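> What follows is a single structure, and I will ask about it in a moment.
Derivation of every value follows stated rules applied to the coordinates shown; laboratory data play no part. Note that the coordinates shown come from a computational prediction; the quantities given were computed from them, not determined experimentally. Glycine also receives a Cβ, built like all others from the backbone with ideal geometry; neighbour counts cover every protein chain displayed.
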Amino acid sequence: MSKNILKICIGTPCHLMGAANLLESVEKFDCKLRQKIELKTSHCIDNCCDQAPVAEFNGKVYQNLNPEKLYKIIRENIK
Ligand code: FES
């Protein structure tokens, strides 16, 4: 099964804007969903720091995230 790559930025601006909440929320996904995701962290994604917190899912960058938005993006784009 090919994994979906989720990169969450933990650089300082993203950290200050709640990156830890995003990481924590992914760990709470139901098992089936969580198994399909390879979770990585990054120290900056495309210099989008002014739009923190930022994550990349399967190569696409998403900004101004919160756990609800991230969950929706993943549900809609997971392979
Ligand atoms: S530090 Fe997160 S996008 Fe730059």
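> Please count how many residues of the range 28-50 are more than 11 Å from the chain's Cα centre (by Cα), under 17 Å from residue 75 (Cβ atoms) and without any contact (Cβ under 8 Å) to a residue 40 or more places away in the chain.
Matching residues across the range 28-50 total 6.
> Among the listed residues 69, 79, 32, which satisfies the condition of being more than 16 Å from the ligand (Cβ to nearest atom), in a helix (DSSP H, G or I) and charged (D, E, K, R)? If you could, list the steps in order and put the result at the bottom.
On the way: 69 fails: more than 16 Å from the ligand (Cβ to nearest atom); 79 fails: in a helix (DSSP H, G or I).
Checking each option against the conditions leaves just 32.
> I want to confirm something. Restricting to the range 39-60 and keeping residues that are hydrophobic (A, V, I, L, M, F, W, C), in a strand (DSSP E or B) and farther than 12 Å from residue 15 by Cα, which single residue is nearest to the ligand (Cβ to nearest atom)? Break it down into steps so the answer makes sense when it comes.
Step one: list which residues in the range 39-60 are hydrophobic (A, V, I, L, M, F, W, C), which gives 39, 44-45, 48-49, 52, 54-55, 57.
In the following step, the residues that additionally are in a strand (DSSP E or B) were identified as 39, 55, 57.
This time we only want the ones that are farther than 12 Å from residue 15 by Cα, so: 39, 57.
Values: 39: 16, 57: 14 Å.
Ranking the candidates gives 57 first.
> Output the residues belonging to the range 40-79 that are among the aliphatic types (A, V, I, L, M) and surrounded by 15 or more Cβ atoms within 10 Å (Cβ to Cβ). Talk me through it step by step, then tell me what you get.
As a first pass, look at the range 40-79 and keep what is among the aliphatic types (A, V, I, L, M): 45, 52, 54-55, 61, 65, 70, 73-74, 78.
Within the range 40-79, 45, 52, 54, 55, 65, 70, 73, 74 qualify.
> Quick one: what pairs do we get from the range 51-67, first residue at positive phi, second aliphatic (A, V, I, L, M) and surrounded by fewer than 19 Cβ atoms within 10 Å (Cβ to Cβ), C-beta under 7 Å, 6+ apart or different chains?
The qualifying pairs are 58/5.
> Give the residues of the range 25-39 that are surrounded by 11 or more Cβ atoms within 10 Å (Cβ to Cβ) and touching a helix residue (DSSP H, G or I) at 6+ places or on another chain (Cβ under 8 Å), sorted by residue number.
Initial filter on the range 25-39 (surrounded by 11 or more Cβ atoms within 10 Å (Cβ to Cβ)): 25-26, 29, 33-39.
Matches in the range 25-39: 25, 26, 29, 33, 34, 37, 39.
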